[in-house]
Amino acid sequence: ELAEYEKLSDQVKISEEALRADGFGENPFYCCLVAELLPAPGEPQGPCVVVGYGLYYFIYSTWKGRNVYLEDIYVKPYRGQGIGSKIIKKVAEVALERGCSQLRLTVLDWNKGAMDLYKALGAQDLTEAEGWHSFRFEEEAMRELAGK
């Protein structure tokens with residue numbers, strides 16, 4: 001759903017099995033918070049409905065030390081109810097408990113609603129403030145760099 005929302009479905013190359021192994025194996029590569037809606041009082045107690053998630057992992061800055069990177073934050077069409085804010089606040093809480101000095105994330109340039117939320121919560125837009133640009137090396141480029 002997130003890839004569809006971001007209009008990037010064609011870039012998804014990972015399997016459910018790999019996600020499960022990488023997040024829930026012996027040495028997880030990432031952590032994930034899940035937002036659920038509980039049945040309303042008086043309604044039958046059935047399974048909770050997953051309405052969003054935040055996938056994050058820990059990184060390191062030679063300038064600031066321990067950091068957390070929020071790779072994905074996604075809320076189903078329940079936006080405007082504070083679910084995204086709660087996920088971000090919980091990631092911040094976990095990060096502080098682990099001794100992190102920064103919470104980092106990226107956002108697509110067209111997602112003004114998300115940018116407004118992050119700024120309202122106190123995030124700084126590094127592209128505006130410091131001129132940082134985000135780059136990545138895809139696997140093929142990494143293989144070329146590594147001579148493999």
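The values are calculated or read from the model by the stated rules, or taken from the named source; none is laboratory data. Predicted model only: the values in this text are computed from it and were never measured. With ideal geometry, Cβ positions are generated from the backbone for all residues, glycine too; neighbour counts draw on all protein chains shown. Just the protein is used for accessible areas: all its heavy atoms, side chains included, with ligands, DNA and RNA removed. Shrake-Rupley method; radii C 1.70, N 1.55, O 1.52, S 1.80 Å.
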**Asked** For A95, what charge total do you get from the other residues with a beta carbon under 14 Å from its beta carbon, if Lys and Arg give +1 and Asp and Glu give -1?
**Response** +3
**Message:** Can you sort D72, D109 by solvent-accessible area, 1.4 Å probe, largest first?
**Reply:** D109, D72
**Complete:** Using alpha carbon centers only, segment 1-21 is separated from segment 73-148 by a whole-angstrom value of 17 Å
**Message:** Suppose every Lys and Arg Cβ carries +1 and every Asp and Glu Cβ carries -1, with no other charges. What dipole size does the chain come out with about its Cα centre, to the nearest 20 debye?
**Reply:** 500 debye
**Request:** Under 12 Å from the Cβ of L145, count the other residues' Cβ atoms, weight Lys and Arg +1, Asp and Glu -1, and hand me the total.
**Result:** -2
**Asked** What fraction of the DSSP beta bridges in the chain is antiparallel, stated in percent and rounded to the nearest 5?
**Response** 85 percent
**Summed side-chain charge close to W63 - residues other than W63 whose Cβ falls under 15 Å, Lys, Arg +1, Asp, Glu -1** = +2
**Complete:** Both in Å, the radius of gyration and Dmax of the C-alpha trace of the chain are 17.4, 63
**Of G122, L55, V75, farthest towards positive along the dipole that unit charges on Lys, Arg, Asp, Glu beta carbons give segment 17-148** = G122
**Complete:** Note on the chain: helices (DSSP H) long enough, at least 15 Å by alpha carbon along their axis, and hydrophobic enough, mean Kyte-Doolittle at least -0.5, are 83-97
**Complete:** To the nearest 0.05, the calculated FRET efficiency linking C32 and H133 through their beta-carbon distance, R0 being 22 Å, is 0.20
**Charge dipole of the chain about the Cα centre (unit charges at C-beta), most positive-ward option of G46, C100, H133** = C100
**Message:** Tell me the mean residue ellipticity at 222 nm calculated for the chain from its helices only (DSSP H runs of n ≥ 4, each -39500 (n - 2.57), averaged over every residue, nearest 500).
**Reply:** -9000 deg cm²/dmol
**Asked** For segment 18-93, which trypsin sites (Lys or Arg not before Pro) are both in a DSSP coil and crowded by at most 11 other Cβ atoms within 10 Å?
**Response** K64
**Prompt:** Averaged per residue, what accessible area in Å² does the chain show with a 1.4 Å probe, protein chains only?
**Reply:** 77 Å²
**Request:** Would you rank W132, W110, W63 by solvent-accessible area, highest first, keeping every protein chain in place and using a 1.4 Å probe?
**Result:** W63, W132, W110
**FRET efficiency, Q124 to E43 (Cβ-Cβ, R0 41 Å, nearest 0.05)** = 0.45
